[in-house]
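S.K.: Here it is, the structure, as structure tokens.
Each value in this text was obtained by applying a stated rule to the coordinates, not by laboratory testing. Computed from a predicted structure; not experimentally measured. Every residue, glycine among them, receives a Cβ derived from its backbone with ideal geometry; neighbour counts consider all protein chains shown.
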Amino acid sequence: MLTIQSIPAFNDNYIWLIHSQDNHCVVVDPGDATPVIKVLEEQQLTLDAILITHHHHDHIGGISELKRYAPQCNIVGPANEPIPGLSQSVSDGDQVELFGERFMVLGLPGHTLGHVAYVGDEKLFCGDTLFSAGCGRLFEGTPEQMFNSLQKLAALPDETEVYCAHEYTSSNLSFALVAEQTNPHLQRYREEVSRKRAQGISTIPSTMGQEKLINPFLRCDQPSIKKSVADKAVNDSDLETFAALRRWKDEF
């Protein structure tokens, strides 16, 4: 079993640190090197690799400094995105081995065109594609691409832990509760999230099982969601429901 630790960065980013039993580790999406190096030194960890999900600066800004700090580390990232110092390019269907665990690479276009996620050991590192109770904005991709990417994630086992890159849960819930007012799972989840945030506790990881119950962007086949976007959607297909929901959230 791998141990996962969050390293908070900027206002609401999470850099994920995956470490083995023998003090070796991997970091995911290090937008800032400083807090990562602090943790590596405090815990006397050796950095073996950096995993990147997409090219936005708050996910790659620390790569160069970390490479100087740990010249031996392997930099793994999406083949079709401008990632500095990449030593291993990956795309949908590739595999990455971390400490004896095999992680599958999932291509998830939508937020960016080359966005990928890494899933293994019942853990999903999904960058800015899926958030708890929300999903990423469409900066480069189409609604259809993002819808299909989210469907790919929804097919993962319910127990899969979701390690997204931002603490957006509270604000996402504000929208989700408007989009699906009658969902009892949402009401309960809001109470749990409010309790955690009041105590300064992270709401991440979530699980795929949880997200399928509360995340409106994974529930576009539900009559309650279709009804809430009926005046914004061109038709009632699941894809158009998603597109209308995402447009609504952009203006929310």
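S.K.: In this structure, does A233 turn out to be farther than 22 Å from T142 by Cα, over 21 Å from the mean Cα position of the chain (by Cα) and not polar (S, T, N, Q)? Don't jump to the end; show me each part of the working.
M.R.: Details: farther than 22 Å from T142 by Cα: no; over 21 Å from the mean Cα position of the chain (by Cα): yes; not polar (S, T, N, Q): yes.
In short, no.
S.K.: Any residue at all in the stretch 94-112 that's among the charged types (D, E, K, R), surrounded by fewer than 24 Cβ atoms within 10 Å (Cβ to Cβ) and touching a Ser or Thr at 6+ places or on another chain (Cβ under 7 Å)? If you could, list the steps in order and put the result at the bottom.
M.R.: Restricting attention to the stretch 94-112, the residues satisfying the condition of being among the charged types (D, E, K, R) are 94, 97, 101-102.
Add one more test, that the residue is surrounded by fewer than 24 Cβ atoms within 10 Å (Cβ to Cβ), and what stays is 94, 97, 101-102.
Keeping just the survivors that are touching a Ser or Thr at 6+ places or on another chain (Cβ under 7 Å) gives none.
Within the stretch 94-112 (the criterion being among the charged types (D, E, K, R), surrounded by fewer than 24 Cβ atoms within 10 Å (Cβ to Cβ) and touching a Ser or Thr at 6+ places or on another chain (Cβ under 7 Å)), the answer is no, since none of the residues qualifies.
S.K.: For the stretch 3-93, which fully contained helices (runs of 4 or more DSSP H) count at least 3 residues that are surrounded by fewer than 16 Cβ atoms within 10 Å (Cβ to Cβ)? Give the steps one after another, and end with the answer.
M.R.: Details: elements: 33-42, 57-60, 63-69.
Counting at least 3 such residues, we get 33-42, 63-69.
S.K.: Take the conditions in contact with a strand residue (DSSP E or B) (Cβ under 9 Å, 6 or more places away or on another chain), over 14 Å from L130 (Cα atoms) and surrounded by fewer than 19 Cβ atoms within 10 Å (Cβ to Cβ) and apply them to S170. Does it pass? Talk me through it step by step, then tell me what you get.
M.R.: Numbers: in contact with a strand residue (DSSP E or B) (Cβ under 9 Å, 6 or more places away or on another chain): no; over 14 Å from L130 (Cα atoms): yes; surrounded by fewer than 19 Cβ atoms within 10 Å (Cβ to Cβ): yes.
When the stated conditions are applied, S170 does not pass them.
S.K.: Pull up the stretch 219-230, narrow it to residues that are more than 15 Å from R246 (Cβ to Cβ) and part of a loop (DSSP other than H, G, I, E, B), then point me to the one that is farthest from the chain's Cα centre (by Cα). Give the derivation first.
M.R.: So the first thing to find is which residues in the stretch 219-230 are more than 15 Å from R246 (Cβ to Cβ), and the list is 221-224, 227, 230.
Now narrow it down to the ones that are part of a loop (DSSP other than H, G, I, E, B): 221-222, 230.
Numbers: D221: 22, Q222: 23, A230: 28 Å.
Per the criteria, the residue is A230.
S.K.: Out of the stretch 157-202, which residues are touching a Pro at 6+ places or on another chain (Cβ under 7 Å) and not hydroxyl-bearing (S, T, Y)?
M.R.: Filtering the stretch 157-202 down to residues touching a Pro at 6+ places or on another chain (Cβ under 7 Å) leaves 161-163, 176, 179-180.
Those that are touching a Pro at 6+ places or on another chain (Cβ under 7 Å) and not hydroxyl-bearing (S, T, Y): E161, V162, A176, A179, E180.
S.K.: So in the stretch 122-141, with the set limited to residues that are acidic (D, E) and closer than 26 Å to E192 by Cα, which one is farthest from the chain's Cα centre (by Cα)?
M.R.: Let us first name the residues in the stretch 122-141 that are acidic (D, E), namely 122, 128, 140.
Right, trim to closer than 26 Å to E192 by Cα and you get 122, 128.
Numbers: E122: 14, D128: 5 Å.
That would be E122.
S.K.: Considering only the stretch 152-164, I want to know if a residue exists there that is buried (at least 19 other Cβ atoms within 10 Å of the Cβ) and within 23 Å of E251 (Cβ to Cβ).
M.R.: yes
S.K.: Is it true that some residue in the stretch 134-141 is buried (at least 19 other Cβ atoms within 10 Å of the Cβ) and touching a strand residue (DSSP E or B) at 6+ places or on another chain (Cβ under 7 Å)?
M.R.: Within the stretch 134-141, none of the residues are buried (at least 19 other Cβ atoms within 10 Å of the Cβ) and touching a strand residue (DSSP E or B) at 6+ places or on another chain (Cβ under 7 Å).
S.K.: While we're on this one: From P205, P216, grab the single residue that is more than 17 Å from Q151 (Cβ to Cβ), of a type outside the set (A, V, I, L, M) and under 19 Å from the mean Cα position of the chain (by Cα). It would help to see each step written out before you state the result.
M.R.: Values: P216 fails: more than 17 Å from Q151 (Cβ to Cβ).
It is P205.
S.K.: Residues of the stretch 28-81 being of a type in the set (D, E, K, R), touching a strand residue (DSSP E or B) at 6+ places or on another chain (Cβ under 7 Å) and closer than 14 Å to I7 by Cα, which ones?
M.R.: D29, D32, D58
S.K.: Of the residues that make up the stretch 245-252, is at least one of a type in the set (F, W, Y) and surrounded by fewer than 17 Cβ atoms within 10 Å (Cβ to Cβ)? Full working, then the answer.
M.R.: Applying the first criterion (of a type in the set (F, W, Y)) to the stretch 245-252 yields 248, 252.
Next, only the ones that are surrounded by fewer than 17 Cβ atoms within 10 Å (Cβ to Cβ) stay: 252.
Yes, there is a match, as at least one residue in the stretch 245-252 is of a type in the set (F, W, Y) and surrounded by fewer than 17 Cβ atoms within 10 Å (Cβ to Cβ).
S.K.: Still on this model: Every residue in the stretch 215-237 that is surrounded by 15 or more Cβ atoms within 10 Å (Cβ to Cβ) and closer than 18 Å to G134 by Cβ, please. Show your work before the answer.
M.R.: To start, the set of residues in the stretch 215-237 that are surrounded by 15 or more Cβ atoms within 10 Å (Cβ to Cβ) comprises 215-220, 222, 225-226, 228-229, 233.
Answer for the stretch 215-237, where residues must be surrounded by 15 or more Cβ atoms within 10 Å (Cβ to Cβ) and closer than 18 Å to G134 by Cβ: N215, P216, F217, L218, R219, C220, Q222, I225, S228, V229.
S.K.: To continue, here is another question. Out of (1) within 24 Å of S6 (Cβ to Cβ); (2) without any contact (Cβ under 8 Å) to a residue 40 or more places away in the chain; (3) assigned to a strand (DSSP E or B), the odd one out for A117 is which?
M.R.: (2)
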